[in-house]
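K.L.:
Following this message is one structure expressed as structure tokens.
The values are calculated or read from the model by the stated rules, or taken from the named source; none is laboratory data. Everything numeric in this text was worked out from a predicted model, so none of it was measured. When we count neighbours, we look across all protein chains shown, and the Cβ atoms used for this are built from the backbone with ideal geometry, even at glycine.
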Amino acid sequence: MFKNSINGLNELFKGDCDIPAGSVILVSGIEGGLKSGMVFNMMSNYLADNNEHGLYASLEETKESHLRNMESLGIKKLDRLHIFDYKDMRFESNNEELDIDKITEDMIDFYREKYENLTVFALDSLNAFYSISTWENLRKNMYHFFTMLRDKDLTSFLIMETCSPEKQVFVGSTNYAEQPEYFLADGIIELGVIEAKENVKRYIQIRKMRTANHSMEKHQITVGKDGISILGSVY
């Protein structure tokens, strides 16, 4: 179960509830919130308990750089967790526009052909994905992208960096209003930082998880020699 992949994550779910298999989960938050580390740690530990395979697609870092960062957090890579970093695609494009959504689907199909039991996927990050996308109608194309991931029976984690509160531009009462991924996602996990005087805490909060009964409280995140752990409520 995904909720058993990180120490303390099970405390955020009630009863037998868990992250539903085959869902698309948005993992959002500010810079330094441990989004990449949380997803990579979760995938590695989840796959260690079964015979499935996972695919982590990195648009922002090379495979080598990403693994160095994970090692600094005490997170170990499992052999069945494969990393694709798009660098060869960028080199071959000679600065021409890339059909990034088609490349991503073909990449998933390639790994699925090699590993029939590919069940978990992560994209790091949606921000970079948008920046090199040729889409004109974001809402329509994001709908098709999310549908593609569900059709492939993948439990998908899409990482998206948001602005710090002091930099956010709000639409009405919320800054989510014009962002299609918040509507389309089956779940939203937010990671952030709470600062009170000289006390700084990282937190995780499940904002949304369809079909799962879960806590809405912010819980503290810590990093140790064995990776990420979740403690009790920050309040």
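K.L.:
Within the stretch 204-224, restricting attention to residues that are part of a strand (DSSP E or B) and among the aliphatic types (A, V, I, L, M), which residue is nearest to ILE30 (Cα to Cα)? Spell out how you get there, then give the answer.
P.N.:
Here is the first cut: in the stretch 204-224, the residues part of a strand (DSSP E or B) are 204-209, 214, 219-224.
From what's left, among the aliphatic types (A, V, I, L, M): 204, 206, 209, 221, 223.
Details: ILE204: 12, ILE206: 15, MET209: 20, ILE221: 14, VAL223: 17 Å.
Top of the filtered list is ILE204.
K.L.:
What's the number of the only condition in (1) more than 22 Å from GLU60 (Cα to Cα); (2) at pLDDT 95 or above; (3) of a type in the set (Gly, Ala, Ser) that GLY227 fails to meet?
P.N.:
Single failed check for GLY227: (1).
K.L.:
So, of the residues in the stretch 209-231 that are touching a helix residue (DSSP H, G or I) at 6+ places or on another chain (Cβ under 8 Å) and buried (at least 18 other Cβ atoms within 10 Å of the Cβ), which turns out to be nearest to GLY32 (Cα to Cα)?
P.N.:
Applying the filter and picking the extreme gives ILE221.
K.L.:
Then there's this: Specify which of the listed residues (ASN199, ASN213) is over 18 Å from the mean Cα position of the chain (by Cα) and modelled with pLDDT of 95 or more.
P.N.:
ASN213
K.L.:
Next question, about the same structure. Can you name every residue in the stretch 143-173 that is more than 26 Å from GLY32 (Cβ to Cβ) and either modelled with pLDDT of 90 or more or assigned to a helix (DSSP H, G or I) (or both)?
P.N.:
TYR143, HIS144, PHE145, PHE146, THR147, MET148, LEU149, ARG150, ASP151, LYS152, ASP153, LEU154
K.L.:
Filter the stretch 18-49 down to residues that are at pLDDT below 95 and more than 21 Å from TYR130 (Cα to Cα), then give me how many there are.
P.N.:
Result for the stretch 18-49: 1.
K.L.:
Now a separate question. Looking only at the stretch 105-123, count how many residues are crowded, with 16+ Cβ neighbours inside 10 Å, within 18 Å of LEU78 (Cα to Cα) and not hydroxyl-bearing (Ser, Thr, Tyr).
P.N.:
So the count comes out to 6.
K.L.:
The conditions are (1) assigned to a strand (DSSP E or B); (2) closer than 18 Å to VAL27 by Cβ; (3) not hydrophobic (A, V, I, L, M, F, W, C), and LYS201 fails exactly one of them. Which is it?
P.N.:
(2)
K.L.:
Right, something else. Can you confirm whether ASN199 is touching a Lys or Arg at 6+ places or on another chain (Cβ under 6 Å), surrounded by fewer than 18 Cβ atoms within 10 Å (Cβ to Cβ) and of a type outside the set (Lys, Arg)?
P.N.:
No.
K.L.:
Further question on the same structure: Being of a type outside the set (Gly, Ala, Ser) and touching a His at 6+ places or on another chain (Cβ under 8 Å) is the filter; apply it to the stretch 3-39 and report the residue that is farthest from LYS201 (Cα to Cα).
P.N.:
CYS17
K.L.:
Do you know which residues across the stretch 72-86 are acidic (Asp, Glu) and either at pLDDT 95 or above or more than 19 Å from SER125 (Cα to Cα) (or both)?
P.N.:
Residue satisfying the conditions is ASP79 alone.
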